[in-house]
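Worksheet: one structure, shown below.
The values are calculated or read from the model by the stated rules, or taken from the named source; none is laboratory data. The structure displayed is predicted, hence computed values, not measured ones. All Cβ positions, even for glycine, are placed from backbone atoms using ideal geometry, and neighbour counts span all protein chains on display. These area figures cover heavy atoms from the full protein model, side chains too; ligands, DNA and RNA do not enter into them. Shrake-Rupley method; radii C 1.70, N 1.55, O 1.52, S 1.80 Å.
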Amino acid sequence: MALWDRIKDSAQTMQTQLLAKKNDLKSGAFRDASMAMCALVAAADGSVDPAERQRVAQLIATNEVLQNFPADDLQRRFDEYLDKLVADFDFGKVSVLQEVAKARKKPAEARAVVQIGIVIGGADGDFDKTEQAVVREACFALDLPPAEFDL
């Protein structure tokens, strides 16, 4: 199987698993950690062009699991985290990873945050090395083994 197909299959599998847990994913910590994860993946290469920002915002707005929360609230949080990363990626990453770590107390939420990162990263069909690296860092912040997610 080609790498492209494995990435697509992995993202689809993660989305299916997330949908199965949708009713358990309603906490503020999950909301904040999810948006922080989306911002990390979007800015993984150190820059975010307007088209990429719009694409990720669209994915957030249409993701069924995230519909437990008001779309405008999610958008505002995503933009805040992204702005921190764009202003100073290394410093912003520390702050944004702290937000991700808030989901650590509930293992189901922590796993869902990682899965959202994989879904967002694989949405364009190219879950590249920089995106995988920030999701791997998020795994460590959440006390989850990256190998559980093939990272």
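Among the residues of the stretch 60-68, not a single one is in contact with a helix residue (DSSP H, G or I) (Cβ under 6 Å, 6 or more places away or on another chain), more than 13 Å from Met35 (Cα to Cα), touching a residue at least 40 places away in the same chain (Cβ under 8 Å) and open to solvent by less than 40 Å² (accessible area, probe 1.4 Å).
Using the structure shown, decide if Phe91 is open to solvent by 40 Å² or more (accessible area, probe 1.4 Å), farther than 14 Å from Ser34 by Cβ and aromatic (Phe, Trp, Tyr). Outline the logic, then answer.
On the way: open to solvent by 40 Å² or more (accessible area, probe 1.4 Å): yes; farther than 14 Å from Ser34 by Cβ: yes; aromatic (Phe, Trp, Tyr): yes.
When the stated conditions are applied, Phe91 passes them.
For the stretch 129-151, a residue qualifies if it is at pLDDT below 90 and either of a type in the set (A, V, I, L, M) or in contact with an Asp or Glu (Cβ under 8 Å, 6 or more places away or on another chain) (or both), and exactly one does: Leu151. Determine, yes or no, whether Leu74 is open to solvent by 10 Å² or more (accessible area, probe 1.4 Å) and touching a Leu at 6+ places or on another chain (Cβ under 9 Å). Against the criterion (open to solvent by 10 Å² or more (accessible area, probe 1.4 Å) and touching a Leu at 6+ places or on another chain (Cβ under 9 Å)), Leu74 does not qualify.
Restricting attention to the stretch 45-81, which residues are among the aliphatic types (A, V, I, L, M) and within 14 Å of the chain's Cα centre (by Cα)? Spell out the reasoning first.
Residues of the stretch 45-81 that are among the aliphatic types (A, V, I, L, M), as a first pass: 48, 51, 56-57, 59-61, 65-66, 71, 74.
Val56, Ala57, Leu59, Ile60, Ala61, Val65, Leu66, Leu74, listed by residue number.
Within 19 Å of Arg31 (Cα to Cα) and within 15 Å of the chain's Cα centre (by Cα) - does that describe any residue in the stretch 82-89? Talk me through it step by step, then tell me what you get.
Taking the stretch 82-89 first, the residues within 19 Å of Arg31 (Cα to Cα) are 82-85.
Of the ones still in play, those that are also within 15 Å of the chain's Cα centre (by Cα) are 82, 85.
Yes.
Just checking, which of Glu137, Glu99, Glu52 is in contact with a helix residue (DSSP H, G or I) (Cβ under 8 Å, 6 or more places away or on another chain), open to solvent by 10 Å² or more (accessible area, probe 1.4 Å) and without any contact (Cβ under 8 Å) to a residue 24 or more places away in the chain? Break it down stepwise before answering.
On the way: Glu137 fails: without any contact (Cβ under 8 Å) to a residue 24 or more places away in the chain; Glu99 fails: without any contact (Cβ under 8 Å) to a residue 24 or more places away in the chain.
Of Glu137, Glu99, Glu52, the one residue that is in contact with a helix residue (DSSP H, G or I) (Cβ under 8 Å, 6 or more places away or on another chain), open to solvent by 10 Å² or more (accessible area, probe 1.4 Å) and without any contact (Cβ under 8 Å) to a residue 24 or more places away in the chain is Glu52.
How many residues are surrounded by 16 or more Cβ atoms within 10 Å (Cβ to Cβ) and modelled with pLDDT under 90 if we restrict to the stretch 117-127?
7
Working carefully through the options Arg77, Arg53, Arg31, Arg104, find the one that is of a type in the set (Lys, Arg) and modelled with pLDDT under 85. Don't jump to the end; show me each part of the working.
Values: Arg77 fails: modelled with pLDDT under 85; Arg31 fails: modelled with pLDDT under 85; Arg104 fails: modelled with pLDDT under 85.
Matching residue, one of Arg77, Arg53, Arg31, Arg104: Arg53.
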